[in-house]
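Dropping a structure here in structure tokens format, bear with me for questions.
Taken together, the values in this text are just the output of simple stated rules run on the coordinates, not laboratory data. Source: prediction; values computed, not measured. Backbone-built Cβ (ideal geometry, glycine too); neighbour counts: all protein chains shown.
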Amino acid sequence: MKGAAKVVLIIACLQALFADCLAGERAIVLSRAGEYHVMATADGPLEKGEWALWPPIRHDPQSVRTGGRLEVLHEPSRDHILGTDDRGRDVASRLLHGARLSLMLAILCAALASALGMLVALLSLLRAELDLLVRTGCDVLAALPVLLVVLIVRGLLGSESLLSLVLLISVPRAASSARLARDAMQEALAMPFCEAARAIGCSRARLLLQHALPQSFSQMRVAAALTASTAVLSEVALSFLGLGVRGPSWGELLSQAHHNQLAYWLLWPAGVSCALLAWSFGRVAE
Amino acid sequence: MSLLLALGRAAGRAWLAIFVVTWLSWSLLECAPGKSSERAAVASRSLIPGDIRMSAALKERILVRTRAEFDLPARPAARALDAMRLDFGLSWRDATPVSSELASGPGLSTVARSLAALVLALLGGMWAAAYSSQHVRGRRHKALSLLTSLCLSVPLPWLAMLAIDALVYGKPLALMPSGPDSGVLGMLLPVLVMALVPAAVVWGHASKAMQVIAQQPWVVASRAKGTSEWRVWHILIARSAASQVLPLAPVLLAYLLSASLIIERVFALEGAGAMLARAAEVGDVPLLIGFAGLSVAGISLASSAVELFLRALDPRRRES
């Protein structure tokens, strides 16, 4: 199962990295007039001696017309392997490009929450007077549901940027990570190697940074994977409510399925992709 | 006497939570870019953002009227003190009092749905844990373990739509009516869908606790005295495991309140979740703050109630 989760994560990463090469209207490589162009738009038909390597899905995620025709809510066909949405855009292309947003959010949130969590844990152990305050704050913040926090704070600030979303998802998760890191570091401080370091005159800061902090890395990896899973699910929920980041996203596809009589070609691919990604992060954490 | 003291402490904590959340939120709003009066005017549809046809004088008149109507710019401390009397001000969208809007029928139905889902999740999770812990190495335990990990990974909107697709519209399985006109039976499916993820969390915690408790000498002794397996697992072990699972209830309630946002959208139900989503779309700040304050107070009260219940359930906590 863990192997399968890793494979899913690798595929999702590749899909996000090479989304433009997998789905789009631009040629991956275009040979024209003896010159090679990478990710180029071919204006007009190709002439003799010219060639182009096209993406497997030749539809842009934003393009609403196929060969000049508007095809709205079409079921899967040869032209559109996963059909079209209610504005005529290709679902497969939006699905591939939607992975980019989910994965970027997951990675950014996991990195930020882990960094913040470790910093808070270090501060709490470095200054005994801060410890109770930090612990109480972390307990309160970690109990707050991410979706509610994001919705209320974004409503208050009126901000719709990706950065604000990353910050708002990361902060409650950072509180949870801080608790884990603090416990792991405190456990390490009671171990003989830390006692020995203290006996030879190691300062508190150095003891924490050099000896206790590395002991919390395994816990932090677990917390980071769980944060990534939470970020994927939160992004889908927010986009479903119409409060996510602009651009192709899996939540938007689910929202379209909801508005269009649960059309299976909108409902299943986005749902399965999101569930698989969240499940993989969860399995890796386990 | 101690019960009265505990109740007083719980109420004090809830009031403090309302004060802190309201004060922080209004302070955050005043720090946010853009004047609050302009945002209020946009939310009440008196002003269209970026409207070049509107003269500066007319815009100023609208802003003056908005400031007077909604008492802006807000003084966070005064607003927080008002909030402690459950007065969250007027909604920017339609100028109705936020407290009455939140305490209206739809708001109460969200609370009822969330509480019903919480009870269902706690009972279902505990029952499933008792059932699967009896066969730790068996297929049932593995199947439940896989099911719970799937429940925790599936996006809630998708889960809710699949439930509608299969159980409401699905030809072989059109079992349940759903929607606002279906009465109590129509509430069953939303509550079931909401309860799935919390039940998976409860199952995870309870099954671990039960496996440890099952090895305790007092459990072995009660088995030796002839107590039936059903009673051992569903009464003795479950009661002991409840003391480790019940502290999760406030966190699960918070999750359920946020899940109601999605469930109400998918099932087209009226409720506090739908109200909150609309408020976030138009930027109705008093309603957002009122919801945040009341939900934090509710979670704080739930946590105090759990504490009191656990003290009644477990003599060790009472003595300590």
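Mean separation of Cα pairs under 8 Å and 6+ residues apart, divided by the residue count of the stretch B:231-320: what relative contact order is that in percent?
Across the stretch B:231-320, relative contact order equals 32 percent.
Can you give me the Cα centroid spacing of the stretch B:1-35 and the stretch A:234-285 in angstrom?
Value for the Cα centre distance between the two parts: 35 Å.
Further, regarding this structure: At R0 = 60 Å, how high is the FRET efficiency between A:D43 and B:A305 if r is their beta carbon distance? Nearest 0.05 is fine. The partial results should precede the final answer.
Details: r = 69 Å, r/R0 = 1.15.
For R0 = 60 Å, the calculated efficiency reads 0.30.
Specify whether the C-alpha gyration tensor of the stretch B:105-280 places it in the rounded, prolate or oblate class, a ≥ b ≥ c being the square roots of the eigenvalues: rounded for a/c under 1.5, otherwise prolate if a/b is larger than b/c and oblate if not.
Note, shape of the stretch B:105-280 comes out prolate.
Averaged over peptide A:138-151, how many Cβ atoms belonging to another chain are found within 10 Å of each residue's Cβ?
5
Continuing with this model, one more query. Place the peptides A:126-135, A:243-252 in order of packing, highest mean first, counting for every residue the other Cβ atoms within 10 Å and averaging per peptide.
Highest-to-lowest ranking by the protection proxy: A:243-252, A:126-135.
Let me ask another. Work from the charge dipole of chain A (Cβ charges, +1 for Lys and Arg, -1 for Asp and Glu, about the Cα centre) and give the residue of A:S273, A:C194, A:V140 farthest towards its positive end.
Farthest towards the positive end: A:C194.
Could you tell me the number of lysine pairs in the protein assembly as shown with C-alpha atoms less than 26 Å from each other, where the two lysines are 8 or more residues apart or belong to different chains? Don't skip to the answer; put the middle values down first.
Values: A:K2/B:K142; A:K2/B:K208; A:K6/B:K142; B:K35/B:K59; B:K142/B:K208; B:K208/B:K225.
Close lysine pairs found across the protein assembly as shown: 6.
Now, a different point. Take every Cα pair under 8 Å in chain B that's 6+ residues apart, average their separations, divide by the length, and report that relative contact order as a whole percent.
27 percent
Using a simple spin-label model with points 7 Å from Cα along the Cα→Cβ vector, what separation in nm is obtained for A:L132 and B:D51?
The two pseudo-label positions are separated by 5.5 nm.
Assign one of three labels to the stretch B:2-102, namely rounded, prolate or oblate, based on the Cα gyration tensor with a ≥ b ≥ c the square roots of its eigenvalues; rounded applies when a/c is under 1.5, prolate when it is not and a/b is larger than b/c, and oblate otherwise. It would help to have the intermediate numbers written out before the result.
Details: a/c = 3.71, a/b = 2.72, b/c = 1.37.
Prolate.
Hey, another quick one. Counting only helical runs of four or more DSSP H residues, what would the 222 nm mean residue ellipticity of the protein assembly as shown come to if each run contributes -39,500 (n - 2.57) and the total is spread over all its residues?
Helices in the protein assembly as shown give a 222 nm mean residue ellipticity of -22500 deg cm²/dmol.
Starting with the highest mean, order A:99-106, A:44-51 by the number of other Cβ atoms within 10 Å, averaged over the residues of each peptide.
With the highest mean Cβ count within 10 Å placed first, the list reads A:99-106, A:44-51.
I've got another one for you. Rounded to the nearest Å, what's the spacing between the alpha carbon centres of the stretch A:119-144 and the stretch A:16-52? Just the number, please.
Taking the Cα centre of the stretch A:16-52 as reference, the centre of the stretch A:119-144 is 54 Å away.
In peptide B:76-89, what is the residue-averaged number of other protein chain Cβ atoms found within 10 Å of each Cβ?
Values: counts 0, 0, 0, 0, 0, 0, 0, 0, 0, 0, 0, 0, 0, 0.
Partner Cβ neighbours, averaged per residue: 0.
With the cut-off at 1.5 for a/c, could you classify chain A from its C-alpha gyration tensor as rounded, prolate or oblate?
prolate
Right, something else. Quick check: the distance between the Cα centres of the stretch A:71-117 and the stretch B:89-146, to the nearest angstrom?
For the stretch A:71-117 versus the stretch B:89-146, the Cα centre distance is 30 Å.
With a cap of 15 neighbouring Cβ atoms within 10 Å, and only residues DSSP puts in a loop, list the GluC sites (Glu not before Pro) found in the stretch A:160-248.
A:E160
Compare the Cα positions of B:L81, B:H141, B:S104 along the charge dipole of the stretch B:77-152 (+1 at Cβ of Lys, Arg; -1 at Cβ of Asp, Glu; about the Cα centre) and return the one farthest towards the positive end.
It is B:H141, whose Cα lies furthest towards the positive end.
Quick one: which of B:104-111, A:35-42, A:274-281, B:262-269 comes out on top by average Cβ neighbours within 10 Å, and what's the full order, highest first?
Averaged packing, sorted descending, gives the order A:274-281, B:262-269, B:104-111, A:35-42.
Would you mind working out the magnitude of the charge dipole of the stretch B:2-102 relative to its Cα centre, with +1 at each Lys and Arg C-beta and -1 at each Asp and Glu C-beta, to the nearest 20 Debye?
For this selection, approximately 100 debye.
If you don't mind, there's one more thing I want to ask. Counting partner chain Cβ atoms within 10 Å of every residue's Cβ in A:255-265, what's the average?
Taking the mean over all residues of the peptide, I get 2.
Right, next: Return the single residue from B:L294, B:L308, B:L256 with maximal mean-square fluctuation; model: Gaussian network over chain B, springs between Cα atoms under 10 Å.
B:L308
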